[in-house]
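J.: Got a structure here, written out as structure tokens. Questions coming.
The values are calculated or read from the model by the stated rules, or taken from the named source; none is laboratory data. Owing to the predicted nature of the structure, the values given are computational and were not obtained by experimental measurement. A quick note on method: Cβ atoms are made from the backbone with ideal geometry, for glycine too, and the neighbour counts reach across all protein chains shown. Note: accessible area is taken over every heavy atom of the protein model, side chains too, but ligands, DNA and RNA are not part of it. Shrake-Rupley method; radii C 1.70, N 1.55, O 1.52, S 1.80 Å.
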Amino acid sequence: MVTSKFTNLIDLNDMPVSWWNKVISLGSEIADNPKKYAHCCDGKIMATLFYEPSTRTQMSFQTAMLRLGGTIIGFDNPATSSVAKGENLKDTTKIVSGYADIMVMRHPSEGSAKAAALTAECPIINAGDGGHLHPTQTLTDMLTLHKEKGRTENLTIGLCGDLKNGRTVHSLCKALSCYKGNRFILISTKELRLPFYIKDILNAHGCEFKEVDSIDEAIPQLDVLYMTRIQRERFSSEEEYERQKDVYRLDHDKMLKARNDLIVLHPLPRVDEIAIDVDNDPRALYFKQAEYGMYVRMALIITVLRNDYRTELLVGNVKNGVKCSNPKCITHKEYYLPNSFRGNGDTLECEYCDERVLLRH
């Protein structure tokens, strides 16, 4: 077992629900009175390491730290850092964490945030690791539900688009399954359905869910519609992307079938999955959702810097000779990492990316 010296946010489900609720409550308070928190991080330095492009997540984190009185360092293009010279993840994060009080990282490899946390000298916040998880977007989504619906339970949530590769969807399903009475309608093509490990989590929590292939079928039932884009960067070929990209589009006519109290969310950026004419509908809250993201990240920075909750990074067993079956897992790039798995018998689960590994005898 490897336990961190710091309060890291790698996977929201590493923390108890009471911890999430504390962050959401603080985010709500900050949104109502941001000036009260203007000096909470005086003298603190946050490093932002963005190995992938980002607008909202990166800028909202940077703005959050500046509004708290802190300063920022980091990069938003690995080509301008020593990564371009072949430096591995461990060395980059080990060095940068020695300069900063807190580090925020986005990386294309799944499990990268956990890998960095194993050796970092400051707390790590996962700002998205490939198609795996995006816990700070989930906190954004839950603050939006708290503010706009008044609750995070007893909701019917429609999730639409790329449910296979959508890290925001994976994190949100895992989190909302921990609140009572939530029901999920999963709207996607067969090729882009929710991964089995997320369905296992929904089943384990007794959450009702069903898979459909039509927005029109689902939208009259929904309290929340969570739209996502079809993510070109997660496809192995342009042809595969082209077959999927225009399948789902929310427009004015579909909104006519929805309830008056529906709210439409989207982690952004959008491409063409939400028509521009939906923006003027008062139920379309994705731009306000992005603003809530700044406030909840202010709350998260304050909470993580308190360093009052230790997280366990690796709890399973190292299996020499066993490799994760997910080609996007960080263990296929950073060969020094221990191949650690949860479970025993013929089915294991990678501790970095949560992929199932079936052993053959």
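J.: With (1) out of contact with any Cys (no Cβ under 6 Å at 6 or more places or on another chain); (2) at pLDDT 95 or above as the list, and Gly111 as the residue in question, which single condition is left unmet?
T.: (1)
J.: Would you mention how many residues in the range 25-49 are hydrophobic (A, V, I, L, M, F, W, C), under 20 Å from the mean Cα position of the chain (by Cα) and either part of a loop (DSSP other than H, G, I, E, B) or surrounded by fewer than 20 Cβ atoms within 10 Å (Cβ to Cβ) (or both)?
T.: Here the count works out to 1.
J.: A further question on this structure: Suppose the filter is in contact with a helix residue (DSSP H, G or I) (Cβ under 8 Å, 6 or more places away or on another chain), in contact (Cβ under 8 Å) with a residue 40 or more places away in the chain and part of a strand (DSSP E or B); does Ala115 pass it? Even if it seems obvious, please write down each step before you answer.
T.: Numbers: in contact with a helix residue (DSSP H, G or I) (Cβ under 8 Å, 6 or more places away or on another chain): yes; in contact (Cβ under 8 Å) with a residue 40 or more places away in the chain: yes; part of a strand (DSSP E or B): no.
In short, no.
J.: Could I ask something else about it? Being open to solvent by 10 Å² or more (accessible area, probe 1.4 Å) and either within 23 Å of Phe287 (Cα to Cα) or of a type in the set (A, V, I, L, M) (or both): is that true of Lys149 here?
T.: yes
J.: Let me ask something additional. Which condition number in (1) modelled with pLDDT under 90; (2) farther than 21 Å from Leu12 by Cα is the one that Val322 fails?
T.: (1)
J.: Would you confirm, using the coordinates I've provided, whether Gly343 is in contact with a strand residue (DSSP E or B) (Cβ under 7 Å, 6 or more places away or on another chain), at positive phi and either touching a residue at least 12 places away in the same chain (Cβ under 8 Å) or open to solvent by 30 Å² or more (accessible area, probe 1.4 Å) (or both)?
T.: yes
J.: Here is a follow-up. Which of the numbered conditions does Met142 fail, given that it passes all the others? Conditions: (1) modelled with pLDDT of 95 or more; (2) within 19 Å of Ile263 (Cα to Cα); (3) open to solvent by 10 Å² or more (accessible area, probe 1.4 Å); (4) assigned to a helix (DSSP H, G or I).
T.: (3)
J.: List the number of the failed condition for Ala127; all other conditions in (1) within 30 Å of Pro195 (Cβ to Cβ); (2) not in a strand (DSSP E or B) hold.
T.: Exception for Ala127: condition (2).
J.: From the list Cys353, Cys324, which residue is in a loop (DSSP other than H, G, I, E, B), closer than 30 Å to Ala100 by Cα and touching a strand residue (DSSP E or B) at 6+ places or on another chain (Cβ under 6 Å)? I'd like the intermediate steps shown before the answer.
T.: Numbers: Cys324 fails: closer than 30 Å to Ala100 by Cα.
So the residue among Cys353, Cys324 that is in a loop (DSSP other than H, G, I, E, B), closer than 30 Å to Ala100 by Cα and touching a strand residue (DSSP E or B) at 6+ places or on another chain (Cβ under 6 Å) is Cys353.
J.: Which of the residues belonging to the range 299-312 are surrounded by fewer than 22 Cβ atoms within 10 Å (Cβ to Cβ) and in contact with a Ser or Thr (Cβ under 6 Å, 6 or more places away or on another chain)?
T.: Matches in the range 299-312: Asn307, Tyr309, Arg310, Thr311, Glu312.
J.: OK, next. Under 8 Å by Cβ, and 6 or more places apart or on different chains, what pairs join a residue from the range 168-179 that is of a type outside the set (Ser, Thr, Tyr) with one that is open to solvent by 10 Å² or more (accessible area, probe 1.4 Å) and part of a helix (DSSP H, G or I)?
T.: Leu172/Gln137; Cys173/Ile201; Lys174/Asn13; Lys174/Ile201; Ala175/Asn13; Cys178/Asn13; Cys178/Val17
J.: So for the range 287-298 (the condition being open to solvent by 80 Å² or more (accessible area, probe 1.4 Å), under 30 Å from Asp42 (Cβ atoms), in contact with an Asp or Glu (Cβ under 8 Å, 6 or more places away or on another chain) and part of a helix (DSSP H, G or I)), does at least one residue qualify?
T.: yes
J.: Pull out all pairs, ordered by first then second residue, where Cβ-Cβ is under 9 Å, the residues are six or more apart or on different chains, the first lies in the range 1-19 and is under 19 Å from Ile201 (Cβ atoms) and open to solvent by 40 Å² or more (accessible area, probe 1.4 Å), and the second is assigned to a helix (DSSP H, G or I) and small (Gly, Ala, Ser).
T.: Asn13/Ser171; Asn13/Ala175; Val17/Ala175
J.: Give the range 93-109 a look and list any residue that's open to solvent by less than 20 Å² (accessible area, probe 1.4 Å) and in contact with a strand residue (DSSP E or B) (Cβ under 6 Å, 6 or more places away or on another chain), or say none.
T.: The answer is Ser97, Ala100, Ile102, Met103, Val104, Met105, Arg106, His107.
J.: So for the range 63-77 (the condition being within 19 Å of the chain's Cα centre (by Cα), at pLDDT 95 or above and open to solvent by less than 10 Å² (accessible area, probe 1.4 Å)), does at least one residue qualify?
T.: Scanning the range 63-77 turns up at least one residue that is within 19 Å of the chain's Cα centre (by Cα), at pLDDT 95 or above and open to solvent by less than 10 Å² (accessible area, probe 1.4 Å).
J.: Only one of (1) part of a helix (DSSP H, G or I); (2) in contact with a Cys (Cβ under 9 Å, 6 or more places away or on another chain) fails for Lys90. Which number is that?
T.: Every condition holds for Lys90 apart from (2).
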